[in-house]
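Following: one structure in structure tokens, then a few remarks.
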Amino acid sequence: MAESLLNKFEYFVIHSTDSGTMDTEQVEAIKSSGKKTKGHAYILRDGTTVMVWPYTDGKVTATKAEQSNYFGSQAVGTMIHVELDTKSGTYPTEQQYIALAKSYIDASDANNLPYGTLIILTHKVVDWGIPNGHSDPTDIDLNFFYRMLNDAILARVKAPYCLPYGVSQERHDMKNRADYKESWPPNLSTKFTFDVIPKQQLKSALKAGGRK
């Protein structure tokens with residue numbers, strides 16, 4: 001059976017390298033190490049996407065939430081990780097937003113998932129409440145990315161049957177604190193609550209093409 005059929009991908013997770021000066025050679029070095037603790041792909045400042053692992057690889061882990069002392073097997077294999085090469089205090093370039101939208105589409109295609117199925121998260125939201133959890137990307141305009149991704153999807157399918165859904169800008173911008181309780185699945189609500197969105201509510205939002 002194909003590897004993509006064995007995975008249970010549900011999330012598309014956006015990360016930041018906190019560098020902003022990476023090149024293809026540096027990313028290739030990460031791949032050469034053989035360690036699957038970084039992103040599936042890296043997007044450089046000029047929009048170049050460098051693949052490290054196939055989007056079908058469910059063994060890539062790039063968050064604390066995937067570690068065995070947190071959510072382990074509940075989380076491993078559910079997330080596709082993409083690293084934006086940005087430095088804290090610097091937003092992605094337009095070319096990076098374009099490439100990020102293409103990565104979402106490519107990851108969906110690779111896993112035979114309808115566009116809009118993968119729920120968009122940030123590393124910060126995945127590690128919410130975990131001690132020393134990551135807080136990247138510190139600077140990103142999610143609303144701009146959603147609009148760009150919507151346009152890219154509609155240009156392909158010509159019908160808004162399932163628009164992307166994910167964490168809101170307001171939820172991402174909330175300050176993380178070590179005394180907050182972590183949760184799995186990740187909490188997408190803009191209101192601070194430890195309750196996760198019920199699956200039926202999520203399905204309804206997807207069907208309607210809306211976002212919380």
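The values are calculated or read from the model by the stated rules, or taken from the named source; none is laboratory data. Bear in mind the structure is a predicted one, so any value in this text is a computation, not a measurement. As a convention, Cβ positions derive from the backbone with ideal geometry for all residues, glycine included, and neighbour counts pool all protein chains shown.
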Considering residues that are touching a Pro at 6+ places or on another chain (Cβ under 7 Å) and not hydrophobic (A, V, I, L, M, F, W, C), the number found within region 60-90 is 1
Considering region 6-25, residues that are in a loop (DSSP other than H, G, I, E, B) and not hydroxyl-bearing (Ser, Thr, Tyr), and then whichever is surrounded by the most Cβ atoms within 10 Å (Cβ to Cβ), we arrive at PHE9
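Matching residues to (1) of a type in the set (Gly, Ala, Ser); (2) at pLDDT below 95; (3) over 14 Å from the mean Cα position of the chain (by Cα):
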position: HIS15; (1), (2), (3): no, no, no
position: ASP18; (1), (2), (3): no, no, yes
position: HIS40; (1), (2), (3): no, no, no
position: TRP53; (1), (2), (3): no, no, yes
position: THR56; (1), (2), (3): no, no, yes
position: TYR70; (1), (2), (3): no, yes, yes
position: VAL82; (1), (2), (3): no, no, no
position: SER88; (1), (2), (3): yes, yes, yes
position: TYR91; (1), (2), (3): no, no, yes
What tally of residues in region 100-128 results from selecting those that are assigned to a helix (DSSP H, G or I) and within 15 Å of the chain's Cα centre (by Cα)?
-> 13
Near pairs, Cβ below 7 angstrom, 6+ apart or cross-chain, from region 91-104 (among the aromatic types (Phe, Trp, Tyr)) to any residue that is part of a helix (DSSP H, G or I) = TYR97/PHE144; TYR97/PHE145; TYR97/MET148; TYR104/LEU149
Name the residues in region 86-119 that are under 21 Å from PRO54 (Cβ atoms) and acidic (Asp, Glu), would you?
-> ASP106, ASP109
Tally of residues being free of Cβ contacts under 8 Å to residues at least 40 places away in the same chain and closer than 15 Å to LYS35 by Cα across region 59-75 = 5
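Could you grab me the full set of residues in region 129-148 that are hydrophobic (A, V, I, L, M, F, W, C) and more than 14 Å from the chain's Cα centre (by Cα)?
Residues satisfying the conditions are ILE130, PHE144, MET148.
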